[in-house]
Amino acid sequence: MTRTGASSAAAAVDRARCVIFAYHEMGYACMAELLALGAPIAALYTHRDAAGEEIWWRSCAELAAKRGIPAFTPDRIDAAVIAHIRELAPDVIYSFYYRNLIDEAALRIAPLGAYNVHGSMLPKYRGRAPVNWMLVNGEREAGVTLHHMVARADAGDIVAQRAVEIADDDTALTLYRKIVPIGAALVREYHPLIVAGRAPRQPQDLAAGSYFGRRRPEDGQIDWTWPARRIFNLVRAVTHPYPGAFCHADGRKLYVWRAAIAHETGIRGTPGAIVGEGDGGALEIAAGTGSVLVSSVQFEGDKECSASAALAGGASRVMRLE
């Protein structure tokens, strides 16, 4: 870009009013990037923190308050909200990890378009909880996509996307922390192009992608007849700060917070049986194929502790997880 072009883009950023829908750490990071660029944010729509949810991210509402930005927390995007957005006359609308679908009537208000930051390499993993689903399914690559918003979730044309490797020791939290700076970088790089009308645009091939819905706590149930890697993937996909993978022992619900693959092949014993011990109070549990080394667990209503501490007598190899 020439110096004249850069100056023109900067001026466009200063003039283009934004309305943003944002929540969670990704929402905070992307909102902060817009502010760093000097983008005028007319209003923030966000969520109230849900009771009982483990809140570990920075607050978009608090950031808005510090910067004098009006913030609203409607339960849904109804006609009154759409009328308010129209009064704000935004040039651009952004959604950064806002949890509700935004009505198409609202998306059409901004003349420069409405854009979403999604935590996957679209068209793969459209929909809810992409980071968790990618880990559950044993994917080796994650990423972030900046795309146009349309009525259908995560289906609009792609502006840009970047990938990142999923490591074997990643949990949902560590993977999420990998993708947040990628989302922020996409906003930093492409917002000036969006407001200048020069952003790239590539249609999605939805038939080549996938869609996943919201994960429910009951989706975290472990089936010990699964292969060891599948169990390991589930545990790391929903461990803290998420609801946790679980099974039952002695008729009680048992959360498995940390696990590793002990053996990936072979038959180590009856699935769910304790077949060995590891360091630091870990216990080796037989899977359908291979075995899993379970180190941190928690009976419902009790404190989290080592597997051997929770499963007293486990070394006798009598107890079986179900």
Checklist entry - Considering only residues of region 300-313 that are surrounded by fewer than 17 Cβ atoms within 10 Å (Cβ to Cβ) and of a type in the set (A, V, I, L, M, F, W, C), which is nearest to residue 239 (Cα to Cα)? => result 305
Next on the checklist: Please count how many residues of region 277-286 are on the phi < 0 side of the Ramachandran plot and surrounded by 18 or more Cβ atoms within 10 Å (Cβ to Cβ).
Outcome noted: 5
Item to check | From 238, 195, 256, residue being within 30 Å of residue 17 (Cα to Cα) and modelled with pLDDT of 95 or more | outcome: 195
Item to check | Flag for residue 205 being free of Cβ contacts under 8 Å to residues at least 60 places away in the same chain, farther than 13 Å from residue 117 by Cβ, outside the structural domain of residue 244 (by TED's automatic domain parsing) and not small (Gly, Ala, Ser) | outcome: no
Checklist entry - Within region 166-186, is there a residue that is surrounded by fewer than 19 Cβ atoms within 10 Å (Cβ to Cβ), in contact with a Phe, Trp or Tyr (Cβ under 8 Å, 6 or more places away or on another chain) and in a loop (DSSP other than H, G, I, E, B)? => result no
Checklist outcome for this item: If we ask which residues in region 76-131 are hydroxyl-bearing (Ser, Thr, Tyr) and over 21 Å from residue 12 (Cα atoms), their number turns out to be 4
Checklist entry - If you go through region 16-54 one residue at a time, how many are free of Cβ contacts under 8 Å to residues at least 40 places away in the same chain, surrounded by 24 or more Cβ atoms within 10 Å (Cβ to Cβ) and under 20 Å from residue 240 (Cα atoms)? => result 0
Checklist entry - Of all residues in region 11-50, which are part of a helix (DSSP H, G or I) and at pLDDT below 95? => result 11, 12, 13, 14, 15
Checklist entry - Does region 199-216 include one or more residues that are buried (at least 16 other Cβ atoms within 10 Å of the Cβ), at pLDDT 95 or above, under 30 Å from residue 27 (Cα atoms) and aliphatic (A, V, I, L, M)? => result yes
Checklist entry - If the Cβ limit is 9 Å and pairs must be 6+ apart or interchain, which residue in region 213-238 that is among the aromatic types (Phe, Trp, Tyr) pairs with which residue that is at pLDDT below 90 and not in a strand (DSSP E or B)? => result 224/321; 224/322
Checklist entry - Across region 221-235, what is the number of residues that are surrounded by 17 or more Cβ atoms within 10 Å (Cβ to Cβ) and farther than 14 Å from residue 259 by Cα? => result 1
Next on the checklist: Kindly evaluate residue 54 against the criterion of being within 16 Å of the chain's Cα centre (by Cα) and over 25 Å from residue 209 (Cβ atoms).
Outcome noted: yes
Checklist entry - Just one of 310, 273 is within 32 Å of the chain's Cα centre (by Cα) and at pLDDT below 95; which is it? => result 310
Item to check | Identity of the residue in region 66-114, surrounded by fewer than 20 Cβ atoms within 10 Å (Cβ to Cβ) and in contact with a Ser or Thr (Cβ under 9 Å, 6 or more places away or on another chain), that ends up nearest to residue 181 (Cα to Cα) | outcome: 71
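The values are calculated or read from the model by the stated rules, or taken from the named source; none is laboratory data. For clarity, every value in this text was computed on a predicted model and none was experimentally measured. Cβ: placed from backbone, ideal geometry, glycine included. Neighbour counts: every protein chain shown.
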